[in-house]
Structures are given as structure tokens and as C-alpha cells.
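> Below are the C-alpha cells for one structure; questions will follow.
The values are calculated or read from the model by the stated rules, or taken from the named source; none is laboratory data. These numbers were taken from a predicted model, which means no experiment stands behind them. Don't worry about glycine lacking a Cβ; one is built from the backbone with ideal geometry, like all the others, and counts go over all protein chains shown. In case anyone asks, the SASA skips ligands and DNA or RNA and just uses the protein heavy atoms, side chains included. Shrake-Rupley method; radii C 1.70, N 1.55, O 1.52, S 1.80 Å.
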Amino acid sequence: PTGTAADAPPQAGKKPTTPLTEPRQRLLRGNYDEARTGFEAAGKADPKFAPLAAVGVSQTYRAVGDYDAAQKALDAAVETHPDHPDLLAARADLRYDLGRWDDADKDADAALARNENQLLARWTKARILRDRGDTDAADKE
């Protein structure tokens, strides 16, 4: 073979990277402080990534049990991006875990109003319905 790696075609199945790729990898590997720093930097560097970066920051706090900080990160982001379905779904999921089901239900509804295919919002709604005893409705969700 005479070609170099630069001449090789892209690997099949390799996903393109974004500013959130590295922080996500750090989060998955348990490097929560590094991940948080990366998510914060990504959100500041490119405003289009700010909502998802805030979700990542929240996940780093949740991973270490700091649910108040996780809530504050999402609340601040929702104030800036009130119509972002992924933010609303992430906050609904957190609120569900904290036992704030009414608030979680409202956030999930708001997320679904903006994107009817938002999976985390649907999953949160289904868990709320199931836990309230309405298993038929949960199955439909």
C-alpha cells in the first residue's frame, strides 16, 4: 500500500464531532469535573450548543448527587432558551427523579408541544402515568 492515512476514505459509521463530543466522552468515563468544564466552554464558545451544553452540565451534577446544582443549571438555561424541547425534557426528567411530578409533567408537555418525538419527554410522561397507577395511559405514551 502506497497511500497514507490522509488518503483513506472516512471510516464507515464514524460520527462527526461537535464541541460536545469530548465533554460527553469525559462524562461517560466518570471525569465529571472535566466534563463540566468542557460543557461550559462549549456553551460559551458557540451559542447554538448552549442548551445541550447546559443539559450536559446538569448531568455532571446529577452524577455526583448534587441535584440542586443540576436543577439550577437547567433552570438558568430554560430562562434563556424557554422553547428548547431537549432542555425542557431534561428538566422534566430531573424533576421526576426529585418527586416533583406535577412540575415534571408540565415540562414534559411543553417539550412535546415543541417536538412530539422528544423521547425523554415521552419516557418521563409514561413513568409519571405508571407511577400514578394509570398503566393503560402509560402504555399508550
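> Lysine pairs in the chain with alpha-carbon atoms under 24 Å apart, 8 or more places apart or on different chains: how many are there?
The result is 10.
> Can you compute the equivalent ellipsoid semi-axes for region 96-141, i.e. the square root of 5 times each eigenvalue of the Cα gyration tensor, sorted largest first and rounded to whole Å? Working shown, then result.
Numbers: eigenvalues 50, 36, 10 Å².
Ellipsoid half-lengths, sorted descending, are 16, 13, 7 Å.
> Jot down the radius of gyration and Dmax of the chain, Cα atoms only, both in angstrom.
Final numbers for Rg and Dmax: 18.0, 66 Å.
> Given a 1.4 Å probe and every protein chain left where it sits, what share in percent of the accessible area of the chain is carbon and sulfur?
Details: 4350 of 8710 Å².
Carbon and sulfur atoms account for 50 percent of the accessible area of the chain.
> What are the residues whose amide H is under 5 Å from the amide H of D46, where those residues sit 5 or more places off or on another chain and H is modelled from the backbone?
none
> Same structure again: Determine the calculated [θ] at 222 nm for the chain from helices alone, applying -39500 (n - 2.57) to every DSSP H run no shorter than 4 residues and normalising by the residue count; nearest 500 deg cm²/dmol. Let's see the in-between values first.
Working: 8 runs with 96 residues, N = 141.
Helix contribution divided over all residues of the chain: -21000 deg cm²/dmol.
> How are the alpha carbon pair distances in region 43-90 distributed across 10 Å bins from zero to the largest one, expressed in percent?
31, 56, 13
> Quick check: pseudo-label points 7 Å beyond the Cα along Cα→Cβ at D139 and R29, how many nm apart are they?
4.5 nm
> Per the Debye formula with a single identical scatterer at each Cα and no solvent contribution, what log10 I(q)/I(0) holds for region 60-141 at q = 0.18, 0.21, 0.22 Å⁻¹?
The calculated log intensity ratios at q = 0.18, 0.21, 0.22 Å⁻¹ are -0.69, -0.90, -0.97.
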